[in-house]
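Since every read-out is calculated from the coordinates, none of them should be taken as a lab result. Quantities reported herein were computed from a predicted structural model and do not represent experimental measurements. Cβ: placed from backbone, ideal geometry, glycine included. Neighbour counts: every protein chain shown.
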Amino acid sequence: MPALLALALLATAQPAPIWLAGDWEPYSNAFIGLRMLHVDKNTLSWKDCSNASFDVVDSSDNSVTIRLAKGSTCTLDDEPPTHVDTVRFTLRDNHCDLGVSVYASPEAAKRNEPSAEGLYGKPKCPTGPSSQAAASLSTTTR
């Protein structure tokens, strides 16, 4: 019976939305040190964490919140390094800009207290970062 339960849980795992998949480059100072972000349907690679598994904990048309698997080595580029637990991605109207909020714990995410916020963008987007989107986000770690 436990094997059937595990299989049922795997079958109901929610993948990341299609719009999130691919490569994203940092536009904000807060994330320059983390370099390129690559997202697949259930893993992300970012700085020193490669193919870190995640679960989607909340999703809407233009926003998705993920929680990295326990044991993930993803950290921010601050001193001492902040462990990345939960990440909220928000796709902007131009479909080129991605607001990224990083949280050190599920509790911090519930309180909307990010450790860092910034902007990423699609590498081949013709406009670069939307000035309105860039202006609305902090570009420093907290």
Since L44 meets every condition but one in (1) surrounded by 18 or more Cβ atoms within 10 Å (Cβ to Cβ); (2) within 22 Å of P17 (Cβ to Cβ); (3) more than 11 Å from the chain's Cα centre (by Cα), which condition does it not meet? (3)
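Restricting to the range 61-107, name every residue that is of a type in the set (K, R) and under 22 Å from I18 (Cβ atoms). Please lay out each step first, then the result.
Filtering the range 61-107 for residues of a type in the set (K, R) gives 67, 70, 88, 92.
The answer is R67, R88, R92.
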Long-range neighbours under 9 Å by Cβ, at least six apart or interchain, first residue on the phi > 0 side of the Ramachandran plot and touching a residue at least 12 places away in the same chain (Cβ under 8 Å) within the range 40-64, second of a type in the set (K, R) and in a loop (DSSP other than H, G, I, E, B): K47/R35
For the range 25-39, what are the residues that are touching a residue at least 60 places away in the same chain (Cβ under 8 Å) and over 13 Å from G121 (Cβ atoms)? N29, A30
Selected residue (criterion: nearest to C49 (Cα to Cα)) from residues of the range 94-112 that are surrounded by fewer than 19 Cβ atoms within 10 Å (Cβ to Cβ) and touching a residue at least 12 places away in the same chain (Cβ under 8 Å): S105
